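Enquirer: For reference, the structure I am asking about is given below.
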Amino acid sequence: MNIVSVHFPKAGGHALLVQLRYLLRDSLLEDYSHDPLGPNAGELVDDLPLGIRMVHGHFRAARYDKVKNAFRFTFLRHPVDNLLSQYFFWQTYPDADVHSLHAKFLRERPTIEKFAGSAPIRRLMSEMYFGGYDMARFDLVGFIETRSADYRKLNQVAGLPLDPDIRLNETATHHEERAAIKSDALLMSRISALLSDDIRFYERQRAIWS
């Protein structure tokens, strides 16, 4: 059985990747060159390369849709929490080998509200990663908020002994600034309004997959 894992950013995908490297070694394909925010986002493939059992990375869900006999899964995170994590992660991540949108972010240093309203961040989930895709094609959509239970489901079905307690690449900076943003009810309301499409998409998936 082939496995296709869409790594939605800041939703636990790096910790998953580290475990997959250990478990699958040369049979794992890491696809981070077709990021939905980059120039190669629209490229599609018909199958996995010979000898590859699983692909994991930042790519649109449609990229590997033609792969036959594949178990497809992804993990999502509430868009507001995801935005905060992405915002502070991008502030600390060096401008090297990244897409132009990140480089623009580092040059301009937008406020959290301006970042939330920017394209394509505003609809990162509902359009950039999963826009137009039939989410019923996934065999599992998990959530950071129910990570342990969803890892158990994943392990049972896909036969991957993954540990949900391994956490890596978490953004552990800007605690005071993050707390100030979250305590500002009016600001949080405006951010939620900007991310309304992604929030609706996320809540719909939670209702379906829970």
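Just so it is clear, none of the values below were taken in a lab; they were calculated from the coordinates. This structure is a prediction, so every number in the text was calculated from the model and none was measured. All Cβ positions, glycine included, derive from the backbone under ideal geometry; neighbour counts span all protein chains shown.
Enquirer: Taking every pair of distinct Cα atoms and averaging 1/r, then inverting, what Kirkwood hydrodynamic radius in Å comes out for the chain?
Expert: Computed over the chain, the radius equals 17.8 Å.
Enquirer: As an exercise, identify the chymotrypsin sites (Phe, Trp or Tyr not before Pro) in segment 89-138 lying in DSSP coil whose Cβ has no more than 16 other Cβ atoms within 10 Å.
Expert: Passing both the DSSP loop test and the Cβ count: TYR133.
Enquirer: If you don't mind, another one. Which of the lysines could be linked to LYS68 by a straight reach, that is with a Cα gap under 30 Å, when you skip same-chain ones fewer than 8 residues away?
Expert: LYS10, LYS153
Enquirer: Might you report the magnitude of the Cβ-based charge dipole of segment 2-209 about its Cα centre, with Lys and Arg at +1 and Asp and Glu at -1, to the nearest 20 debye?
Expert: Roughly 300 debye, rounded to the nearest 20.
Enquirer: If one takes the longest principal axis of the Cα atoms in the chain, at what angle in degrees, from 0 to 90 and to the nearest 10, does the Cα axis of helix 196-209 lie?
Expert: 40 degrees
Enquirer: Can you compute the modelled spin-label distance between ALA149 and SER192, with each label point 7 Å from Cα toward Cβ, in nm?
Expert: Calculated label separation equals 2.2 nm.
Enquirer: Test of the criteria: in segment 98-183, which GluC sites (Glu not before Pro) are in a DSSP loop and have at most 13 other Cβ atoms within 10 angstrom of their Cβ?
Expert: Listed in order of number, the matching sites are GLU170.
Enquirer: Using only DSSP helix segments of four residues or longer, with each worth -39500 (n - 2.57), what per-residue ellipticity at 222 nm results for the chain after dividing by its residue count and rounding to 500?
Expert: Rounded to the nearest 500, it is -12500 deg cm²/dmol.
Enquirer: Could you state the angle between the C-alpha long axis of helix 79-92 and the longest principal axis of the C-alpha atoms of the chain, as a value from 0 to 90 degrees rounded to the nearest 10?
Expert: The angle comes out near 80 degrees.
Enquirer: With the Cα gyration tensor of segment 1-76 giving a ≥ b ≥ c as the square roots of its eigenvalues, does the rule (a/c under 1.5 for rounded; else a/b larger than b/c for prolate; else oblate) give rounded, prolate or oblate?
Expert: The shape class here is oblate.
Enquirer: Which loop trypsin sites (Lys or Arg not before Pro) in segment 1-85, with loop taken from DSSP, have no more than 12 other Cβ atoms within 10 angstrom of their Cβ?
Expert: Answer by residue number: LYS66, LYS68.
Enquirer: Let me ask you something else. Pulled fully out, how much extra length does the chain show between ALA136 and MET1, if you take 0.36 nm times their separation in residues and subtract their Cα-Cα distance?
Expert: 46.8 nm
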